[in-house]
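This report concerns only the one structure given below.
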Amino acid sequence: MFGWVGKILRVDLTEKKITTEPTEPYVDDYIGGRGLGVRLIYDNFVPGTEPFDPGNPLIFNVGPLTGTAMPGSGRVDVTALSPMSRLRAKSNFGAYWGPELKYAGFDHLVITGKSEKPCYLFINDGSVEIRDADHLWGKDTFETQKAIQAELRDSEVKVVCIGPAGERLVTFACLITETGDAAGRTGMGAVMGSKNLKAIAVRGFGSVKVAKPNELLELALSTVAEMKEHPAYQELSNWGVARSMQMMYDFSFFPVGYFEDVHWEEIIQNYQGAAYVEKYQIRNMGCFCCPNRCMNFLAVPGIGKGLTSCEPWSGFTGGVWNLDMDVFWEATLLTNRLGIDCTETSASIGLLMELYHDGIITAKDIDGVKMERGSKEAILTTIKKIAAREGYGDLLAQGQKAAAKSFGSAAIEKVDQVKGLAPHAYEFRAYKSAALGQAVGHRGDPLPLRVNLLEVDWHHAPEWFQSVAAQQFGSEEAAIPSSYQGKALATIISEHMERVPDNMGVCKWLYGLFLFQDVERVTAFFNLVTGKELEVPQILKISERVRNLERMFDVRQGLRRDDDALPRKFFEQPLKKGKYKGAVLEKEKFEQMKDEYYSLRGWDKNTGVPTREKLEELGLKDIADEVLEAP
Amino acid sequence: MMIKTLVLDAEKCSGCRSCEAYCSLKHEGECAPSKGRIHVVKWEQEGLFVPINCMRCQEPACEMVCPKRATFRNYTTGAMEVDPYRCIGCMSCVFACPFGATFVDKDTGKVLKCDLCDGDPTCVKVCPTGALTFEEVSKETYLKLLANADRIPGLVRKAIAVEE
């Protein structure tokens with residue numbers, strides 16, 4: 001095969017059994033990566049299995065383009081049943097691990113069972129070994145990677161691992177590779193920890209075969225040259241997202257505090273991200289084969305070195321009312337080393353700060369910590385306590401809802417979550433496509449989609465971006481943040497666009513969101529690598545199949561229309577300040593957007609469940625038979 | 001004649017490994033960094049990356065140790081190349097290289113040597129940071145000389161304790 005290396009690897013940690021099966025039968029329907037991973041989890045998950053049961057399959061997915069010579073070919077999709085939502089988990093990480101898995105001979109890795117003792121996997125150029133990890137248990141993610149490389153006497157071994165938080169089953173524990181590339185969301189670190197699996201080390205010397213090597217080289221070279229001229233490239237490759245934060249706050253696009261309000265004059269005036277980068281950045285870095293270096297490698301004396309991408313730049317600043325960049329950096333490194341998702345962590349801290357601010361909790365409820373907005377001690381102590389599951393950190397480790405329950409009903413009312421996760425940190429009152437995409441999304445944090453960014457772009461040149469929206473999403477209104485019109489179709493198209501790079505195992509920031517805002521480019525790469533001749537509509541049809549199968553997994557878990565909801569705050573508390581002062585979500589219009597979304601999708605409006613007709617059209621009759629006919 | 005050479009600047013390298021992947025695509029028609037003629041040594045936790053490639057020595061050890069005279073200099077490009085018909089795969093050159101910059105294909109035992117893509121290196125075209133450039137040797141050495149000389153006034157001022 002060209003593109004795919006041809007094998008799915010299965011490891012049963014209980015039986016210590018290692019088997020493989022061919023990738024080929026799946027690729028025409030699902031391509032690979034996220035899409036094929038959805039089929040694998042649908043087929044391998046037995047309904048009734050709980051997140052920490054040995055039977056919960058933890059699945060790593062790379063695609064036909066992963067590890068090829070093209071920009072952004074370093075991405076890995078991870079799925080399992082999420083301990084946060086009991087729905088399908090979805091997370092994605094970069095750096096070098098994914099390409100290495102391909103060179104070692106595998107497109108997918110399905111891990112089931114539970115090891116009796118701590119262990120790690122070593123996938124070495126086609127062979128697989130389950131190795132003892134007693135001596136690694138307790139180590140942080142940086143130490144673990146170094147220790148494994150030293151033990152295997154090869155510094156080129158690529159490791160993805162969990163930290164102490166994953167070992168202790170913190171529900172939002174993450175996976176870390178290198179110093180800052182994380183499969184952050186949906187608690188994959190906890191699932192890995194529940195299997196007593198500390199790390200997966202990979203080394204490979206094989207290759208990804210290419211159908212049309214000369215044409216691929218030509219397209220890749222011209223794509224790199226084109227990228228270098230792109231304004232988004234120049235910004236991201238020099239500054240990451242650090243410089244755009246002020247703009248996001250100024251546009252009221254990023255919330256401040258726990259979605260309390262969006263306008264904090266001080267952060268707009270005094271955000272020090274860019275200055276911090278200027279002072280401490282060693283270089284910008286990207287993933288494998290990526291010229292677009294969107295991450296900052298910082299070395300701060302007395303705090304440490306490491307890499308960060310987008311989320312902490314707002315999560316550990318505005319999200320927790322903090323302007324001290326040293327605190328931001330210490331928090332970022334701590335979460336990466338301990339292996340907890342920075343997004344859920346900063347939201348959890350934000351929740352406590354709001355509860356404390358409103359007098360719902362006092363220091364007595366939380367081990368004597370004064371949870372003042374922006375307090376350095378509060379931020380750093382909470383992170384450590386979560387990872388150690390100590391005191392109130394143990395409550396937070398079980399999730400925001402669980403923690404709130406212990407503080408009483410007033411606290412429960414305060415929790416802003418969607419499908420068990422902190423929503424993406426965007427403003428949903430002012431930006432209507434963000435609201436819709438967030439509510440109906442495949443997980444509690446499904447953003448950003450292209451249409452959400454279009455609503456931001458709109459401020460720069462409204463007429464131009466409205467014409468872009470008309471062309472790409474069928475409605476000028478789709479680009480206008482405050483409008484409820486045209487958002488349903490734009491969200492559907494964006495969701496399908498998003499799955500294309502995910503299914504192929506490449507970066508959606510490049511292909512879909514920031515650099516190439518279409519599907520054409522990545523489809524051209526796909527055809528040259530695999531030798532297939534698919535047109536864009538066929539590629540998008542596969543995305544639609546994937547989207548529907550994702551939905552059916554969750555429907556099988558009990559998800560219905562009512563779960564596609566947003567916290568009450570967004571309907572009840574209008575923004576008090578800023579560019580979108582007064583903005584609030586109107587319940588009726590919001591529900592109308594959802595109606596429109598379901599009917600355009602061919603889903604039942606009352607239940608939010610895909611219809612048999614739609615599923616059969618997508619070749620998913622077996623799924624319809626199993627789920628729709630269930631008693 | 002102006003000889004051009006590949007100049008490697010570790011300070012600028014971001015560790016993306018595009019050079020490795022594109023090199024193997026160009027020379028082998030497939031994507032396999034392990035088959036590249038250039039490699040990046042990585043200290044990820046330090047944020048440090050060092051690209052390694054043939055230095056095209058004046059008196060190349062690889063050429064001297066080759067029992068079959070399979071390694072030769074291409075006088076058009078300056079590159080040290082290997083004649084695959086003469087090469088017997090003994091790997092003497094691989095181990096003789098003082099820079100570890102002569103590589104070997106683990107599957108076939110074939111020696112992998114940078115041929116500068118016949119004077120138009122692919123890796124230079126994809127390097128996003130300018131860590132890899134293709135420069136005229138004489139110009140590059142002249143620039144080095146200038147950079148070096150530039151430090152001297154500073155030294156002199158320091159020596160006579162004049163404030164900057």
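The values are calculated or read from the model by the stated rules, or taken from the named source; none is laboratory data. Owing to the predicted nature of the structure, the values given are computational and were not obtained by experimental measurement. Neighbour counts run over all protein chains shown; Cβ positions are idealised from the backbone, glycine included.
Observations on the model:
- For A:Leu333, the stated conditions hold: it is within 14 Å of chain B (Cβ to nearest Cβ) and of a type in the set (A, V, I, L, M).
- Strands (runs of 3 or more DSSP E) (entirely within the range A:62-149) containing at least 1 residues that are out of contact with any Phe, Trp or Tyr (no Cβ under 6 Å at 6 or more places or on another chain), crowded, with 24+ Cβ neighbours inside 10 Å and basic (Lys, Arg): none
- Tabulated pairs, the range A:557-581, first without any contact (Cβ under 8 Å) to a residue 60 or more places away in the chain and of a type outside the set (Ser, Thr, Tyr), second surrounded by fewer than 17 Cβ atoms within 10 Å (Cβ to Cβ) and not in a helix (DSSP H, G or I), C-beta under 6 angstrom, 6+ apart or interchain: A:Arg560/A:Thr607; A:Arg561/A:Thr607
- The single residue among A:Phe297, A:Phe316 that is in contact with a strand residue (DSSP E or B) (Cβ under 6 Å, 6 or more places away or on another chain) and aromatic (Phe, Trp, Tyr) turns out to be A:Phe297.
- Applying a threshold of 7 Å to beta carbon distances and a minimum spacing of six or more residues, or different chains, the list of pairs starting in the range A:281-304 at a residue that is facing chain B (nearest Cβ under 7 Å) and ending at one that is assigned to a loop (DSSP other than H, G, I, E, B) and among the aromatic types (Phe, Trp, Tyr) reads A:Phe288/A:Tyr96.
- When A:Phe514 is tested against (1) crowded, with 17+ Cβ neighbours inside 10 Å; (2) modelled with pLDDT under 95; (3) under 20 Å from A:Ser483 (Cβ atoms), just one condition goes unmet, and that condition is (3).
- Scanning the range B:111-162 for residues that are in contact with a Ser or Thr (Cβ under 9 Å, 6 or more places away or on another chain), assigned to a strand (DSSP E or B) and not acidic (Asp, Glu), we see that the one that is farthest from A:Gln234 (Cα to Cα) is B:Val111.
- Residues (charged (D, E, K, R), facing chain A (nearest Cβ under 7 Å) and within 16 Å of the chain's Cα centre (by Cα)) located in the range B:22-74: B:Lys35
- Pair list, Cβ < 9 Å and 6+ apart or interchain, from the range A:535-550 residues that are under 13 Å from A:Leu620 (Cα atoms) and touching a residue at least 40 places away in the same chain (Cβ under 8 Å) to residues that are hydroxyl-bearing (Ser, Thr, Tyr) and part of a helix (DSSP H, G or I): A:Ile542/A:Tyr30; A:Arg545/A:Tyr30; A:Val546/A:Tyr30; A:Leu549/A:Tyr30; A:Leu549/A:Tyr42; A:Glu550/A:Tyr42
- Residue tally, condition surrounded by 21 or more Cβ atoms within 10 Å (Cβ to Cβ) and not β-branched (Val, Ile, Thr), over the range A:555-565: 1
- The conditions of being crowded, with 22+ Cβ neighbours inside 10 Å, assigned to a strand (DSSP E or B) and touching a helix residue (DSSP H, G or I) at 6+ places or on another chain (Cβ under 6 Å) are not met by A:Val38.
- Residues of the range A:36-52 satisfying the condition of being in contact (Cβ under 8 Å) with a residue 60 or more places away in the chain and within 15 Å of A:Val110 (Cβ to Cβ): A:Leu36, A:Gly37, A:Val38, A:Arg39, A:Leu40, A:Ile41, A:Tyr42, A:Asn44, A:Phe45
- Selection within the range A:233-279 - touching a strand residue (DSSP E or B) at 6+ places or on another chain (Cβ under 9 Å), of a type in the set (Val, Ile, Thr) and closer than 26 Å to A:Gln417 by Cα: A:Val241, A:Val262, A:Ile267
- Residues in the range A:388-411 that are closer than 14 Å to A:Ser346 by Cβ and of a type in the set (A, V, I, L, M): A:Leu396 only.
- The listed residues are A:Asp125, A:Asp181, and the only one of them that is at positive phi and among the acidic types (Asp, Glu) turns out to be A:Asp125.
- Filtered residue count, the range A:242-285, keeping only those that are outside any loop (DSSP other than H, G, I, E, B) and either under 24 Å from A:Asp358 (Cα atoms) or of a type in the set (A, V, I, L, M) (or both): 16
- The range A:133-154, subset acidic (Asp, Glu) and within 13 Å of another protein chain (Cβ to nearest Cβ), residue nearest to the chain's Cα centre (by Cα): A:Asp140
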